[in-house]
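The values are calculated or read from the model by the stated rules, or taken from the named source; none is laboratory data. Treat the numbers as computed from the prediction; the structure is a model and nothing was measured. All Cβ positions, glycine included, derive from the backbone under ideal geometry; neighbour counts span all protein chains shown.
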Amino acid sequence: MKVYDIYSKRQKRLMGEFPDIYQYDDIPRQLRIQIVHIMNDAIGAYSNHKETANIFQVIHDILCREYGMLSFEGIFSDGYKADVINFMLGSNDTKQVIDVVELSFQLIYITYRLDNIRYYTAPKITLENAIEELNFRFTEHGVGYQYESGEIIRVDSQIIHAEAVKPVLLLLSDTRFKGANEEFLKAHEHYRHGRYKECLVDCLKAFESTMKTICDIQGWSYQPTDTVKKLIDICFQNNLIPTYLQNQFTSLKSNLESGIPTVRNKNGGHGQGSQPITVPQYFAAYQLHITASTILFLLEAEKSLP
């Protein structure tokens, strides 16, 4: 990872100038330029090669189609690479900047899967190093986003993200948990875009899918229409949680039953009635953290089964 602890950084740390908390509404220009350097290194050294140009054209064309634009407005065309970079550097919409970054890294991933493109573009760094530096730069600038499992997700607590969210995404990357993985990532996507009720719904779906997949792996019988409470009962009946832990944590089952599903049912799962229901951001963040911790607990418990 190309990160150097230069003198000015050390001085900023001594002066306490590095941010202590995350913000989400501004992507500093310095960070944007650092991301451009990462993209250049990861996509390829030969910036004028047609394969490199093709990658930036794909980014340009996808975003223009999704934004309902013929081309990036207000940008004098100087080739697709310049257009994409200038758009990212000049946009006042944080979501658009994140769109460019996410799509670029998704295409970098595809590039690394195609040896012929890698040969022509001659990337300077590996995909893993590019992702590692990108996430470091986000953290360095106090910008609360990380690139995980092919998507940009919002981060509210670095500790929770490192100890629960990342391990869960790693375990859910197992193809057997594809459904739960998609739902958990979808919950993060809703959260990032402020769709907090939808976030609660997909948290519960990921929780349910995780338990159903564990049942499938272990050969435990259940019905597709089983509720969360029934699925939890099945997991306990089949000693997913070791007996000595069930006895020690007598409230564990109650916590599982009343945690995720209750939060979702009261705030995202039923009709709103005459008064629209507003789910606050901090409540959705709490739900995401509960879901991550609970799924991680279940997956680790399943791994310990004989």
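May I ask you to list the residues in the stretch 50-74 that are surrounded by fewer than 15 Cβ atoms within 10 Å (Cβ to Cβ) and either part of a loop (DSSP other than H, G, I, E, B) or at pLDDT 90 or above (or both)?
Those that are surrounded by fewer than 15 Cβ atoms within 10 Å (Cβ to Cβ) and either part of a loop (DSSP other than H, G, I, E, B) or at pLDDT 90 or above (or both): 61, 62, 65, 66, 67, 68, 69, 70, 71, 73, 74.
Before we move on, is residue 215 in a helix (DSSP H, G or I) and farther than 30 Å from residue 138 by Cα?
yes
So that you can scan it fast, the table gives a plain yes or no per residue for (1) at pLDDT 85 or above; (2) surrounded by fewer than 19 Cβ atoms within 10 Å (Cβ to Cβ); (3) assigned to a helix (DSSP H, G or I):
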{"site": "118", "(1), (2), (3)": "no, yes, yes"}
{"site": "132", "(1), (2), (3)": "yes, yes, yes"}
{"site": "138", "(1), (2), (3)": "yes, no, yes"}
{"site": "152", "(1), (2), (3)": "yes, no, no"}
{"site": "163", "(1), (2), (3)": "no, yes, yes"}
{"site": "169", "(1), (2), (3)": "no, no, yes"}
{"site": "177", "(1), (2), (3)": "yes, no, yes"}
